[in-house]
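Comments concern the structure below.
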Amino acid sequence: MSRRRRREEKHANHERWLITYSDLITLLMIFFVVMYASSQIDVAKFKSLSVSLSQALMSKSMIDLNGGAVGGLDTGAPRQDRGDTPQNVVTDEEMQKKAERLKQLDAEEKKLEDLKKKLQEYVEKNGLQNKVFLNQTDESVQITFRDVALFDTGEANLKAEAKKTLSDIAPFFKGITNKITIEGHTDNRPIHTEQFPSNWELSSARALTVLHYLEDQGIQPNRMSATAYGEFQPVAPNDTEENQSKNRRVNIVVHRLPIENNASAK
């Protein structure tokens, strides 16, 4: 009889406490489920609490019976390594890139403002207020020449005074590296000559004439382009002679330099 008792004691299960521990964990989870079902709580706060409790309980519920992990609670919440950076956190590097981009934008805006100021002073000094007009946007500075300031009616050869004006303002463009577009525009009165079968040819020829003259003044050709719009981009209705004269124009558009978007994928 004593031998049988010793054999039973020898094979007794010393890990019965695991059953009690498992029941305790189960009851604890049931408790929180009941609390959740019977109360009005903030969902976000509950999820945060659930994750915290799960992480805390997980380390204690990973029971190793034979040197290996049995398992634990899985909340379904994504886990994040300590070395990872949350997506909603702006890093110092990103802040630095954004600050640099703003600095570049401010510098470029100031450069265009300075260009417009110099051109405005020249226009006023030479009494060209009725022939040359300036406009600045976020993207460019635009110098608009009425056709009478540059050409005779129906022609694409520069007047002598036009050459002087372009020669005087060309140095303003040499101190910058911005792209320049020369735009040719006409009114809606048709033209049918051997040289200019339509307003397309006239507006194109005038834009190219200005481009070539600026090139002769030392403006790099790879910075410039010419565009012809014919009669199709009017700034006023073609219902009066005055409005038609507004539409016959050449624009020199100095574009803002593109700013690399360092903040991004800038």
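Read the figures in this text as sums done on the coordinates, not as results from a lab. Predicted model, so just to flag it, every value in this text is computed and none were measured.
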| query | Taking a threshold of 26 Å on the Cα-Cα distance, which of the pairs 118/179; 118/164; 111/246; 103/246; 116/159 fall above it? | reply | 111/246; 103/246
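Relative contact order for the stretch 92-255: what is it in percent, counting Cα pairs under 8 Å that are at least 6 residues apart?
Working: 248 pairs, mean separation 43.5, N = 164.
Here the relative contact order equals 27 percent.
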| task | Provide, in order from the shortest bin, the percent of all Cα-Cα pairs of the stretch 92-255 in each 10 Å bin, continuing until the bin that contains the maximum pair distance. | result | 10, 37, 32, 13, 5, 2, 0
| task | Taking H placed 1.01 Å from N in the peptide plane, check which residues at least 5 places from residue 249 or on another chain put their amide H under 5 Å from its amide H. | result | 147, 185, 186
| Translational diffusion coefficient (Stokes-Einstein; Kirkwood radius from C-alpha pairs) of the stretch 186-256 at 4 °C, 1.567 mPa s, in µm²/s | 98
